[in-house]
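Read through the structure below, which is laid out as structure tokens, and then see the notes.
The values are calculated or read from the model by the stated rules, or taken from the named source; none is laboratory data. Given the structure is predicted, the values throughout are model-derived calculations rather than measurements. When we count neighbours, we look across all protein chains shown, and the Cβ atoms used for this are built from the backbone with ideal geometry, even at glycine. SASA here: full protein model, heavy atoms, side chains in, ligands and nucleic acids out. Shrake-Rupley method; radii C 1.70, N 1.55, O 1.52, S 1.80 Å.
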Amino acid sequence: LPPVPGLNSMWAGSTLTFKQPLVVGQRIRRRSTIANVELESGRSGPLVFVTVQHSYDQAEETCFEEQQKLVFRTPPDPSKPVREPDQAPQNPDVQREITPNPVMLFRYSALTFNGHRIHYDVDYCREVEGYPGLVVHGPLLATFLMDLAVQMKPECQLRKFGFRALNPVFCTGPFLVCGREEDSVLKLWVAHPQGTLAMQGTLEYEEM
């Protein structure tokens, strides 16, 4: 990754493309490439957007691809006002309420080899980052969205899943994982308890 000292890293979103099933017991090769680096100027200072492309191959065939969008930004200033988040869509077909806890976040950090203190050190979150509590991982929210999609379409083949993180979710209370089917595409989102939008995504599928 590019040298960006002094900037915090965040997972802005991903697009996952499913081409064929991975076979248990066979060796997998992952190839990772930095596809693009963009430097922009935001309200809080410099922003560096990095696009990383991963492909997962078995027997010389690509089974699965992921395009990650990472952003490196200046640490937030707790004294400055934050942007008002957008309102989440209404009337989902399916909705789950999930209450995160520190053990859940610790386990997910361990599973993904994520050592960022915002997910396990609440004092650091409050005193350094200015957050009200531990931050729920963006990929964990996306995992909940994917799980909801599988519940909504258990007999379908997933083809493409894209998601974008818009506002952080904190380990201070429950959040909602929602889904709605529109024109053979699943519209998925995570909402804060007050109805504001935290993450949104779409999932394309194929009837079996």
Legend entry - Which numbered condition GLN68 misses (of (1) open to solvent by 50 Å² or more (accessible area, probe 1.4 Å); (2) in contact with a Gly (Cβ under 9 Å, 6 or more places away or on another chain); (3) modelled with pLDDT of 90 or more): (1)
Legend entry - Positions within region 104-148 being in contact with a strand residue (DSSP E or B) (Cβ under 9 Å, 6 or more places away or on another chain) and among the hydroxyl-bearing types (Ser, Thr, Tyr), in sequence order: TYR131
Legend entry - Looking only at region 150-208, and only at residues there that are of a type in the set (D, E, K, R) and under 22 Å from THR62 (Cβ atoms), the one that is modelled with the lowest pLDDT: GLU206
Inset, instruction - Please indicate, with yes or no, whether at least one residue in region 2-12 is in a strand (DSSP E or B) and at pLDDT 90 or above. - result: no
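Specify which of the listed residues (LEU197, LEU176) is closer than 20 Å to GLY13 by Cβ, open to solvent by 30 Å² or more (accessible area, probe 1.4 Å), part of a strand (DSSP E or B) and among the hydrophobic types (A, V, I, L, M, F, W, C).
Details: LEU197 fails: open to solvent by 30 Å² or more (accessible area, probe 1.4 Å).
Only one candidate passes the filter, namely LEU176.
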Inset, instruction - Tally the residues that are exposed (fewer than 11 other Cβ atoms within 10 Å of the Cβ) and part of a strand (DSSP E or B), restricting the search to region 42-59. - result: 1
Legend entry - Test result for ASP121, surrounded by 14 or more Cβ atoms within 10 Å (Cβ to Cβ) and of a type in the set (Asp, Glu): yes
Inset, instruction - Test each condition in (1) at pLDDT below 95; (2) open to solvent by 50 Å² or more (accessible area, probe 1.4 Å); (3) in a helix (DSSP H, G or I); (4) within 15 Å of PRO100 (Cβ to Cβ) for ASP147 and report the one that comes out false. - result: (1)
Inset, instruction - Name, by its number, the condition in (1) within 23 Å of THR51 (Cβ to Cβ); (2) open to solvent by 40 Å² or more (accessible area, probe 1.4 Å) that does not hold for GLU155. - result: (1)
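With respect to LEU39, determine if the residue is buried (at least 16 other Cβ atoms within 10 Å of the Cβ), assigned to a strand (DSSP E or B), at pLDDT below 90 and over 18 Å from the mean Cα position of the chain (by Cα). Step through it out loud before you land on a result.
Working: buried (at least 16 other Cβ atoms within 10 Å of the Cβ): no; assigned to a strand (DSSP E or B): yes; at pLDDT below 90: yes; over 18 Å from the mean Cα position of the chain (by Cα): yes.
Here the answer is no, as LEU39 does not meet what is asked.
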